[in-house]
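The values are calculated or read from the model by the stated rules, or taken from the named source; none is laboratory data. The structure displayed is predicted, hence computed values, not measured ones. Here the Cβ is made from the backbone with ideal geometry for all residues, glycine too, and neighbour counts use every protein chain on show.
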Amino acid sequence: MIKLHEHGVYLSHENGIVAEKSCSFPVDKESARKGTISWSILSSHSRSADERKLKIQFDSITSHDLTFVGIIQTAKASGMTRFPLPYVLTNCHNSLCAVGGTINSDDHIFGLTSAQKYGGIYVPPHISVIHQYMREMMAGCGQMILGSDSHTRYGALGTMAVGEGGGELVKQLLGSTWDIDYPEVVAVYLTGKPAAGVGPHDIALAIVGAVFKSGYVKNKVMEFIGPGVSSMSTDFRNSIDVMTTETTCLSSIWQTDEETHSFLRLHGREKDYRALAAKDMAYYDGCVEVDLSTIKPMIALPFHPANVYEIATLNENLADILREVEVESEKISLGRAKLSLLDKIENGKLRVQQGIIAGCAGGNYVNVAQAAQALKHHACGDNIFSLSVYPSSQPVLMALNKKGLINDLMSTGAIVRTAFCGPCFGAGDTPMHNGLSIRHTTRNFPNREGSKPGNGQMSAVALMDARSIAATAINGGLLTSAAELDCWQDVPDYEFDVSPYQSRVYQGFVKGVTQQPLIYGPNIKDWPEMNALTENILLVVAAKIMDPVTTTDELIPSGETSSFRSNPLGLAEFTLSRRDPEYVGRSKAIAAMEQQRVNGEDLYRGYPQLENIFSRLRLLPGQEHITVEQTEIGSMVYAVKPGDGSAREQAASCQRVLGGLANICQEYATKRYRSNVINWGMLPLQMKQIPDFEVGDFIYIPAIKSALAGDLNDITAFVLSDKKPIQQISLYMETLTATEQEIIKAGGLINYNKNQLTNRH
């Protein structure tokens, strides 16, 4: 049972959750808000005198090799001379896949030399995935950690962690702050105990399914409390916690206990333990009540972690539910590829082609160990179905090996691999065309498994817990709930061995800075120059996406595109490639127009349409003297709700390097995507009405630069189309901080930082 409270609640140490409306005695709500664990952490890390306007400085930050090159390049160009706080650079993205040439190792060497030059912490490939290293070596009770990956979540260790785009990490490297309004805090009140065979992914998916569509916890902090917390090991809690990202919450935090203490003691970090608990009658803005004993084995069908069913319910309604997924797949592929699922039904069972247990969600010790125990003395079969297991770190792999569990896995025919995030972002173990993969990983967005519908290839992922994946493997690929097996037992105690980290991790924050020069590979390129905002702008609609939600994977696909992760212009070639293949060409043409304007060339000669556009604009009241010289021209993407998913800043930066000036939407799916849009100098515009403009239309916004410091609730704009009269529309932006306004005016964070550096000198 999962219950969402309509209103706020108080936490009574004696009575549990008390609905705000049922509270029988007066409580000062504003004081009670300060009784949460979240308040104690956020307030202690804020450098602001205003407790409603937070300016957060983090205890440490972290990035993987998909993002750290661009972050360091930006910070270096902004005048950084050393890392002022512990910065962990991991190499768990793209490190195992064949991407051609020396690109992977070039990026990794750049990371190592950066750690040496600036005093960072460098974790080599195959040693650990980003979030497992942070759990094992960095997270501590009452701390805050910022990561350039959306699944930066260490709440089960008492750390409030946040995933943001690289721009926010740059700010921390420059001594600046993460600026947010004090967020609402939602209690996740746990009771009961998970049933045998029910794993953390089952609980996480049940919660995601309950809260995602309504936006119940969007941009809020999820605070896990209640007697049910003690029924789960820290490893188990970690696997639930990392999935809170898929609810679109801002961050998460859990009450700590002796189990947390034991985990930190086991990892040689007992000093990082602190008891964290909400005060009596602490107030929460909402509450998600979860009776753990009622959760059944779950499955999230393609193409979102919120597309959740109990496995038993799916099996009872296979044809009807799978037909809905097939219809959705046709929309996603735009008719360029076909995914069929109904043909995978055999005698009332669904046959899947692949199973994966991997990464920060699935590769934890407790998940792999229970899967191995269940699979012992069985075989995965000699047909199409295959099973791959990626333990989340070298210490986890060593512990599994020491207990004989790796041998048990391998004897079944399962393939055991080293720590790698590939199955979660589309780089490795891509299933066959028209194949269905079941995965204990974090996401199952379209093409997240690595297929290319644009090339006629399409496969899909359903999310399941490692225990049900093991049960399915025992049945040779016929979808099976872990509840159908009676083999679940406690796993052998985990033994942490720190020696791989002591042997291979470069601890530059302790050693300090060196004279080591940065080593650049040929595919590591600087960011191109970007123009400052002019008083007026002329947007050209380069893409219009009317899907209910647009993910960052659609804006910039993951997987094979990662080979260009350190080459801004090379990566930009893939922007919207799986959603609107014509977008890049359109944007380049608009960017060429803007470059000619900047160069002072006669635009009307090359673009007669522009002369007509400006002639029409001069007929508008107050615009009689408008000129092309004072009007920046750039591309724009409209999407209903963009930015669900990854924190990868390239979803915004690729638009920007192609000449993007704005996004227009009904709402931004996540704060982190909106922050990326801002940090890359694009306007985070919104509109309430359904757009009546089409690709190729122009949108003129006068005096936008001046408007940034004024009323953002009503921004007048004009739509110009070849076939229609000029149409006035109303746009708006949510609150911008003073710094964010200046970033947009400067044309992005890089320009803003350069301006600050110049002014200081």
For Lys525, state whether it is over 29 Å from the mean Cα position of the chain (by Cα), under 30 Å from Gln116 (Cα atoms) and among the basic types (Lys, Arg).
no
Output the residues belonging to the range 574-593 that are part of a helix (DSSP H, G or I) and either touching a strand residue (DSSP E or B) at 6+ places or on another chain (Cβ under 8 Å) or without any contact (Cβ under 8 Å) to a residue 12 or more places away in the chain (or both).
Tyr583, Gly585, Arg586, Ser587, Ala589, Ile590, Ala591, Ala592, Met593
So in the range 729-756, with the set limited to residues that are of a type in the set (S, T, N, Q) and under 23 Å from Ala717 (Cα atoms), which one is surrounded by the most Cβ atoms within 10 Å (Cβ to Cβ)?
Gln741
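For (1) polar (S, T, N, Q); (2) out of contact with any Lys or Arg (no Cβ under 6 Å at 6 or more places or on another chain); (3) surrounded by fewer than 21 Cβ atoms within 10 Å (Cβ to Cβ), each residue gets a yes or a no:
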site: Asp382; (1), (2), (3): no, yes, yes
site: Gln394; (1), (2), (3): yes, yes, no
site: Met410; (1), (2), (3): no, yes, yes
site: Ile415; (1), (2), (3): no, yes, yes
site: Ala419; (1), (2), (3): no, yes, no
site: Gly422; (1), (2), (3): no, yes, no
site: Ala427; (1), (2), (3): no, yes, no
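Tell me, which strands (runs of 3 or more DSSP E) lie completely within the range 612-709 with 1 or more residues that are of a type in the set (S, T, N, Q), buried (at least 24 other Cβ atoms within 10 Å of the Cβ) and more than 20 Å from the chain's Cα centre (by Cα)?
631-639
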So, of the residues in the range 32-47 that are polar (S, T, N, Q) and part of a helix (DSSP H, G or I), which turns out to be surrounded by the fewest Cβ atoms within 10 Å (Cβ to Cβ)?
Ser44
Could you grab the pairs with beta carbons closer than 7 Å, sequence gap of 6+ or different chains, first residue in the range 258-282 and on the phi > 0 side of the Ramachandran plot and in the same structural domain as Gly226 (by TED's automatic domain parsing), second one outside any loop (DSSP other than H, G, I, E, B) and buried (at least 16 other Cβ atoms within 10 Å of the Cβ)?
Met281/Tyr10; Met281/Leu11; Met281/Ala32
If Lys193 meets every condition in (1) touching a strand residue (DSSP E or B) at 6+ places or on another chain (Cβ under 9 Å); (2) within 30 Å of Ala374 (Cα to Cα); (3) among the basic types (Lys, Arg) apart from one, which number is that one?
(1)
Residue in the range 331-340 that is farthest from Ser459 (Cα to Cα), counting only those that are surrounded by 13 or more Cβ atoms within 10 Å (Cβ to Cβ) and among the charged types (D, E, K, R):
Arg336
Any idea which residue in the range 112-170 is surrounded by the fewest Cβ atoms within 10 Å (Cβ to Cβ), counting only those that are among the charged types (D, E, K, R) and modelled with pLDDT of 95 or more?
Lys117
Residue check: is Tyr365 in contact with a Cys (Cβ under 9 Å, 6 or more places away or on another chain) and either surrounded by fewer than 24 Cβ atoms within 10 Å (Cβ to Cβ) or within 29 Å of Tyr501 (Cβ to Cβ) (or both)?
no
Qualifying helices (runs of 4 or more DSSP H) (wholly inside the range 376-460; at least 2 residues being in contact (Cβ under 8 Å) with a residue 60 or more places away in the chain and out of contact with any Gly (no Cβ under 6 Å at 6 or more places or on another chain)):
394-402, 422-425
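Looking at the range 718-738, can you tell me whether even one residue there is assigned by TED's automatic domain parsing to the domain that holds Cys665, among the hydrophobic types (A, V, I, L, M, F, W, C) and in a helix (DSSP H, G or I)?
Looking for residues that are assigned by TED's automatic domain parsing to the domain that holds Cys665, among the hydrophobic types (A, V, I, L, M, F, W, C) and in a helix (DSSP H, G or I), one finds at least one in the range 718-738, hence yes.
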Looking at (1) under 29 Å from Ser293 (Cβ atoms); (2) touching a residue at least 40 places away in the same chain (Cβ under 8 Å); (3) out of contact with any strand residue (DSSP E or B) (no Cβ under 9 Å at 6 or more places or on another chain); (4) among the charged types (D, E, K, R), find the lone condition where Asp465 falls short.
(3)
Looking at the range 309-324, which of its residues are of a type in the set (A, V, I, L, M, F, W, C) and free of Cβ contacts under 8 Å to residues at least 24 places away in the same chain?
Ile321
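Kindly state which helices (runs of 4 or more DSSP H) lie completely within the range 241-349 and contain at least 1 residues that are basic (Lys, Arg).
Helices (runs of 4 or more DSSP H) meeting the threshold: 258-266, 318-333.
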Any residue in the range 560-573 that's closer than 14 Å to Pro528 by Cα and assigned to a helix (DSSP H, G or I): show its pairings with residues that are modelled with pLDDT of 70 or more and aromatic (Phe, Trp, Tyr) at Cβ separation under 7 Å, as long as the two are six or more apart or on different chains.
Pro568/Trp527; Gly570/Phe564; Leu571/Phe564
Out of all the residues in the range 311-323, is one or more closer than 21 Å to Pro423 by Cβ and surrounded by fewer than 23 Cβ atoms within 10 Å (Cβ to Cβ)?
no
Taking Glu328 as meeting all but one of (1) buried (at least 19 other Cβ atoms within 10 Å of the Cβ); (2) at pLDDT below 95, write down the number of the exception.
(1)
